[in-house]
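The values are calculated or read from the model by the stated rules, or taken from the named source; none is laboratory data. Source: prediction; values computed, not measured. All Cβ positions, even for glycine, are placed from backbone atoms using ideal geometry, and neighbour counts span all protein chains on display. The accessibility values were calculated without ligands, DNA or RNA, using every heavy atom of the protein model including side chains. Shrake-Rupley method; radii C 1.70, N 1.55, O 1.52, S 1.80 Å.
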Amino acid sequence: MRKVKALLILLILLHSALCGVACLPVASAQGEQEKASPITASAPSITRGTGQVVMVTISDEAVAALDSSPPTVECDQPMVLNGDQAVSLSQLPLYQLEDGSWVGFIAVDQPPAGVPANPPSQEGTPPSEGWATTDAEIAAGKEPDMSTYTANYITALINVPPDVTSITLTYYRPEAAETFTLTITVTSGNIGHITFDRNTYPPTAAGSAKVYITIVDPDWNLDPTAPDTIPNPGDSTVWLSGVTTPPTVGPLTEDSENSGTFTASASLGPPAEAKYGEVLKATYLDTVDYPNNETDERYAYANILPHTASIAFDKDTYEISEEAAITLRDPDLNLDSKNIESWSVHVWSTADEAGFDLSLEETGEDTGEFQGTLKFSPTNTIPDQAIIEVEFGGYVYVSFDDPLGSANQPITVQDKARIASHTGTVEIQLGPGPYGTITVTDPDLNLDPEAPDTVPGGTVEEKPRIPGYVYVSSSEEPNKWFTVTMIEQMPEETGEEGGEGEETGGEETAPAAVFTGRFFVSDTASNPGDIPTVLVKPGCMIKAVYHDEADDTGSPKLIEASLIFRTHTGHLSLDRNRYSPGCKIDPAENPIRSEKGSTVIITLTDPDLDVNPDAPDIIPSDMVEVQIERGKQIVYQENIGHLFEEATLT
């Protein structure tokens, strides 16, 4: 490498001399940023006396060809083959993976049988020099056939003297004067740590809380390829105390391969017992010097204290169409910090005092906050759909029986919310034609927040007696009150026009709590129906009544609107006051007057004839008669009602 650099400098100097211009060398990018080493280890240290195994990986394009021979990795301390410790090793046994990298394993004490338990799979292409099928060939540096050998067998067992605190592995990149080193600390033991998953647990009387104990200690990370276990027989390594009857702990399992973090769980439920005011203590007997079996105790503490639950609706007042959110908060109910739990509360109302139990679900694994939703109906309760019957102006309640409050006594917590009620309005109008329209506005009728609601009709009653219904009646038949089918109207969609290439669209709309219904008027007979027919005479009164189930005070109320039925006097008009008659004389003999007379346009105006407001009407033929008189004698007479067409603007 030094020769190459010297040559480059010489060329630059020659170029400067030839050009007669001073030139500066351009800095090389090499060396500006240190490249990642191709040799890495699964752990920075290895503990004596544990049988711990560390995986060594070589990731280098220079040796990535699938038929390559294993790269050379040497150690500054003597190595033997774990499977046959009579075989000395001058280099680390390695085998190739599918991505072209190479792996091997080292230990400073004989590892447990079966470790590594889940080593990476070998790439199946034989090296150009063939597989190593004997211990001698492995010692000579050939790639072992992993269908014949185990990772435990080919592990390099390194003999590290007691006064040596590290080992150094050296990787020699082939066909290049480059080496890479990796230093691994050799220790007699690391300092471990123990923690609980929380600072406070509820007493056993409040529930069987699960306690999670976590140990962080790399000394127990024996296998770099699979999660390890701290056996803990008879709670000899980790145990609990400080409560009336401590629970047993059992083995601790590594969270993931190579993490060095171990977790176990214990239950404060029977037969264990923890009481108010006690302090739960966890002890970890940490081995700090494995060769000399020296230990030290590590501790974690948690209080045994209950909390008082709180429960609340998300609003103080609800429209009947709204959905209520209920939130229950209590750390004591979070019995398992690693799983989402559920608890039930009781809901009831002034309309349904029995009510039902509603399940709430925790918002996360470790929140102690539980939520659920509740819907309202003016007619019935449906527990499996979380619907409670309510009355306008009434209340809905929710309660929870807390097994233990902060005073160490059972306590019931509850909340309530009011169901809003509004005073409705009603309007009535006639026309065009023999139609009438009734409009009722009342948010209390808007039961479905997403779809139009309907108030049923089609019956006839002696009085407007059914709450929530709309009636129409005439003074001609004062004892006939016809229910009118009312349909909730959707508001107009609002939106802005899009620019070029843009889509247009309106905002989502919701029902407006405005209901409309229609009725016919007739001077012959009345008839019930969704659109009832009301008997009328000129000058009679037509009345609409909305039986509001609950006004803004929560009381029922009859709300009325009325009008006088009036008829109109029709009017006929001609487009001219003089017309030219036709002539029967041959046009050739009388060219001045045409054979055909003037066209007569007759206009009939009468709002009472506008029967269909949505389309042009026609009238009977005998409603309009035309006569032609000569002198005082009628010489022509004809019914022409059928010839009339309703004009658009009439």
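In this structure, is Y149 touching a Phe, Trp or Tyr at 6+ places or on another chain (Cβ under 9 Å) and either loosely packed, with under 15 Cβ neighbours inside 10 Å or of a type outside the set (D, E, K, R) (or both)?
On the way: touching a Phe, Trp or Tyr at 6+ places or on another chain (Cβ under 9 Å): yes; either loosely packed, with under 15 Cβ neighbours inside 10 Å or of a type outside the set (D, E, K, R) (or both): yes.
Yes, satisfied.
Within the stretch 50-65, is there a residue that is within 17 Å of N118 (Cα to Cα), in a loop (DSSP other than H, G, I, E, B) and touching a residue at least 40 places away in the same chain (Cβ under 8 Å)?
Of all residues in the stretch 50-65, those within 17 Å of N118 (Cα to Cα) come to 51-57.
Of the ones still in play, those that are also in a loop (DSSP other than H, G, I, E, B) are 51-52.
Adding the requirement that they be touching a residue at least 40 places away in the same chain (Cβ under 8 Å) leaves 51-52.
Yes; the residues of the stretch 50-65 include at least one that is within 17 Å of N118 (Cα to Cα), in a loop (DSSP other than H, G, I, E, B) and touching a residue at least 40 places away in the same chain (Cβ under 8 Å).
On the given criteria, is Q414 over 40 Å from the mean Cα position of the chain (by Cα) and not in a loop (DSSP other than H, G, I, E, B)? Steps first, answer last, please.
Numbers: over 40 Å from the mean Cα position of the chain (by Cα): no; not in a loop (DSSP other than H, G, I, E, B): yes.
The answer is no for Q414.
I'd like to check something: does the stretch 190-207 contain any residue that is open to solvent by 30 Å² or more (accessible area, probe 1.4 Å), among the small types (G, A, S) and closer than 30 Å to A407 by Cα?
yes
Here is a list of conditions, (1) under 30 Å from T308 (Cβ atoms); (2) surrounded by 18 or more Cβ atoms within 10 Å (Cβ to Cβ); (3) not hydroxyl-bearing (S, T, Y), and G424 meets all of them except one; can you say which number that is?
Of everything listed in (1) under 30 Å from T308 (Cβ atoms); (2) surrounded by 18 or more Cβ atoms within 10 Å (Cβ to Cβ); (3) not hydroxyl-bearing (S, T, Y), G424 misses just condition (1).
Does the stretch 430-438 contain any residue that is in a strand (DSSP E or B), aromatic (F, W, Y) and farther than 23 Å from D610 by Cβ?
The answer is no, given that none of the residues of the stretch 430-438 is in a strand (DSSP E or B), aromatic (F, W, Y) and farther than 23 Å from D610 by Cβ.
How many residues does the stretch 513-531 contain that are of a type in the set (D, E, K, R) and part of a loop (DSSP other than H, G, I, E, B)? Spell out the reasoning first.
Of all residues in the stretch 513-531, those of a type in the set (D, E, K, R) come to 518, 523, 530.
Applying the additional criterion that residues be part of a loop (DSSP other than H, G, I, E, B) yields 523, 530.
The qualifying residues number 2.
Can we say P443 is touching a strand residue (DSSP E or B) at 6+ places or on another chain (Cβ under 9 Å) and open to solvent by 20 Å² or more (accessible area, probe 1.4 Å)?
no
Can you name every one of the strands (runs of 3 or more DSSP E) wholly within the stretch 256-347 that holds 3 or more residues which are open to solvent by 50 Å² or more (accessible area, probe 1.4 Å) and modelled with pLDDT of 95 or more? Before the answer, list the steps.
Values: elements: 261-267, 279-289, 294-304, 310-313, 324-329.
Answer list for the stretch 256-347: 279-289, 294-304.
For L222, work out the one condition from (1) surrounded by fewer than 19 Cβ atoms within 10 Å (Cβ to Cβ); (2) under 26 Å from F105 (Cβ atoms) it doesn't fulfil.
Result: L222 passes all but (1).
Looking at this structure, is Q77 part of a loop (DSSP other than H, G, I, E, B), under 16 Å from P144 (Cβ atoms), modelled with pLDDT of 95 or more and open to solvent by less than 40 Å² (accessible area, probe 1.4 Å)? Write out each step before concluding.
Details: part of a loop (DSSP other than H, G, I, E, B): yes; under 16 Å from P144 (Cβ atoms): no; modelled with pLDDT of 95 or more: yes; open to solvent by less than 40 Å² (accessible area, probe 1.4 Å): yes.
The answer is no for Q77.
Report whether or not N190 is assigned to a loop (DSSP other than H, G, I, E, B), touching a residue at least 24 places away in the same chain (Cβ under 8 Å) and of a type in the set (S, T, N, Q). Walk me through how you get there before you give the answer.
Details: assigned to a loop (DSSP other than H, G, I, E, B): yes; touching a residue at least 24 places away in the same chain (Cβ under 8 Å): yes; of a type in the set (S, T, N, Q): yes.
Yes: the conditions hold for N190.
Based on this model, can you work out whether I213 counts as open to solvent by less than 20 Å² (accessible area, probe 1.4 Å) and either farther than 27 Å from V108 by Cα or free of Cβ contacts under 8 Å to residues at least 40 places away in the same chain (or both)? Before the answer, list the steps.
Values: open to solvent by less than 20 Å² (accessible area, probe 1.4 Å): yes; either farther than 27 Å from V108 by Cα or free of Cβ contacts under 8 Å to residues at least 40 places away in the same chain (or both): yes.
Answer is yes for this residue.
Applying the selection to the stretch 100-140, what residues are touching a residue at least 12 places away in the same chain (Cβ under 8 Å), of a type in the set (D, E) and either open to solvent by less than 40 Å² (accessible area, probe 1.4 Å) or under 19 Å from P71 (Cβ atoms) (or both)?
Applying the first criterion (touching a residue at least 12 places away in the same chain (Cβ under 8 Å)) to the stretch 100-140 yields 100-123, 125-133, 135-136, 138-139.
Retained after the next criterion (residues that are of a type in the set (D, E)): 109, 123, 129, 135.
Result: E123, E129, D135.
Among the residues of the stretch 565-581, which ones are without any contact (Cβ under 8 Å) to a residue 40 or more places away in the chain, open to solvent by less than 100 Å² (accessible area, probe 1.4 Å), among the hydroxyl-bearing types (S, T, Y) and not in a strand (DSSP E or B)?
Filtering the stretch 565-581 for residues without any contact (Cβ under 8 Å) to a residue 40 or more places away in the chain gives 566, 569-571, 573-581.
Restricting the remaining residues to those that are open to solvent by less than 100 Å² (accessible area, probe 1.4 Å) gives 570, 573, 575, 579-581.
Next cut, among the hydroxyl-bearing types (S, T, Y) only: 573, 579-580.
Listed by number, the residues that qualify are Y579, S580.
Go through the stretch 380-405 and give me each residue that's open to solvent by 70 Å² or more (accessible area, probe 1.4 Å) and farther than 24 Å from D551 by Cβ.
P383, D384, Q385, D401
Evaluate the stretch 116-133: report whether one residue or more is among the acidic types (D, E) and more than 22 Å from A62 (Cα to Cα). Reasoning before the result, please.
Restricting attention to the stretch 116-133, the residues satisfying the condition of being among the acidic types (D, E) are 123, 129.
In the following step, the residues that additionally are more than 22 Å from A62 (Cα to Cα) were identified as none.
No, because not a single residue in the stretch 116-133 is among the acidic types (D, E) and more than 22 Å from A62 (Cα to Cα).
Would you please name the residue that is nearest to S265 (Cα to Cα), looking only at residues in the stretch 167-187 that are polar (S, T, N, Q) and open to solvent by less than 40 Å² (accessible area, probe 1.4 Å)?
In the first step, residues of the stretch 167-187 are kept if they are polar (S, T, N, Q); the result is 168, 170, 179, 181, 183, 185, 187.
Adding the requirement that they be open to solvent by less than 40 Å² (accessible area, probe 1.4 Å) leaves 168, 170, 187.
Numbers: T168: 40, T170: 43, T187: 30 Å.
Filtering the stretch 167-187 for residues that are polar (S, T, N, Q) and open to solvent by less than 40 Å² (accessible area, probe 1.4 Å), the one nearest to S265 (Cα to Cα) comes out as T187.
Out of the strands (runs of 3 or more DSSP E) lying entirely within the stretch 587-650, which hold 1 or more residues that are open to solvent by less than 50 Å² (accessible area, probe 1.4 Å) and modelled with pLDDT of 80 or more? If you could, list the steps in order and put the result at the bottom.
Values: elements: 602-605, 625-630, 633-639.
Counting at least 1 such residues, we get 602-605, 625-630.
Restricting the search to the stretch 242-295, which residues are touching a residue at least 60 places away in the same chain (Cβ under 8 Å), out of contact with any strand residue (DSSP E or B) (no Cβ under 7 Å at 6 or more places or on another chain) and under 20 Å from P44 (Cα atoms)?
Across the stretch 242-295, the qualifying residues are E257, N258, D289, P291.
Restricting attention to the stretch 229-250, report how many residues are in a loop (DSSP other than H, G, I, E, B), in contact with a Phe, Trp or Tyr (Cβ under 9 Å, 6 or more places away or on another chain) and open to solvent by 50 Å² or more (accessible area, probe 1.4 Å).
The number of residues fulfilling the criteria is 2.
Could you please find all residues in the stretch 427-440 being open to solvent by 50 Å² or more (accessible area, probe 1.4 Å) and farther than 15 Å from H547 by Cα? Break it down into steps so the answer makes sense when it comes.
The first filter runs over the stretch 427-440 and keeps only residues open to solvent by 50 Å² or more (accessible area, probe 1.4 Å), leaving 427, 429-430, 432.
Scanning the stretch 427-440 gives Q429, L430, P432.
Any residue at all in the stretch 389-408 that's without any contact (Cβ under 8 Å) to a residue 60 or more places away in the chain, in contact with an Asp or Glu (Cβ under 6 Å, 6 or more places away or on another chain) and farther than 30 Å from T204 by Cβ?
So the first thing to find is which residues in the stretch 389-408 are without any contact (Cβ under 8 Å) to a residue 60 or more places away in the chain, and the list is 389, 395, 397, 401.
Now restrict to residues that are in contact with an Asp or Glu (Cβ under 6 Å, 6 or more places away or on another chain): 389.
Narrowing further to those that are farther than 30 Å from T204 by Cβ: 389.
Among the residues of the stretch 389-408, at least one is without any contact (Cβ under 8 Å) to a residue 60 or more places away in the chain, in contact with an Asp or Glu (Cβ under 6 Å, 6 or more places away or on another chain) and farther than 30 Å from T204 by Cβ, which makes the answer yes.
Would a scan of the stretch 128-135 turn up a residue that is modelled with pLDDT of 95 or more and either under 48 Å from the mean Cα position of the chain (by Cα) or charged (D, E, K, R) (or both)?
Within the stretch 128-135, one or more residues are modelled with pLDDT of 95 or more and either under 48 Å from the mean Cα position of the chain (by Cα) or charged (D, E, K, R) (or both).
Being in contact (Cβ under 8 Å) with a residue 24 or more places away in the chain, open to solvent by 50 Å² or more (accessible area, probe 1.4 Å) and either touching a helix residue (DSSP H, G or I) at 6+ places or on another chain (Cβ under 6 Å) or among the acidic types (D, E) (or both): is that true of D366 here?
On the way: in contact (Cβ under 8 Å) with a residue 24 or more places away in the chain: yes; open to solvent by 50 Å² or more (accessible area, probe 1.4 Å): yes; either touching a helix residue (DSSP H, G or I) at 6+ places or on another chain (Cβ under 6 Å) or among the acidic types (D, E) (or both): yes.
It is true that D366 is in contact (Cβ under 8 Å) with a residue 24 or more places away in the chain, open to solvent by 50 Å² or more (accessible area, probe 1.4 Å) and either touching a helix residue (DSSP H, G or I) at 6+ places or on another chain (Cβ under 6 Å) or among the acidic types (D, E) (or both).
Enumerate the pairs (first residue in the stretch 459-477 and assigned to a loop (DSSP other than H, G, I, E, B); second residue anywhere and small (G, A, S)) with beta-carbon separation below 7 Å, excluding pairs fewer than 6 apart on the same chain, so at least 6 apart or on different chains.
What qualifies is E477/S526.
Name, by its number, the condition in (1) open to solvent by less than 40 Å² (accessible area, probe 1.4 Å); (2) under 39 Å from the mean Cα position of the chain (by Cα); (3) modelled with pLDDT of 90 or more that does not hold for V514.
Going through the list (1) open to solvent by less than 40 Å² (accessible area, probe 1.4 Å); (2) under 39 Å from the mean Cα position of the chain (by Cα); (3) modelled with pLDDT of 90 or more, V514 breaks only (1).
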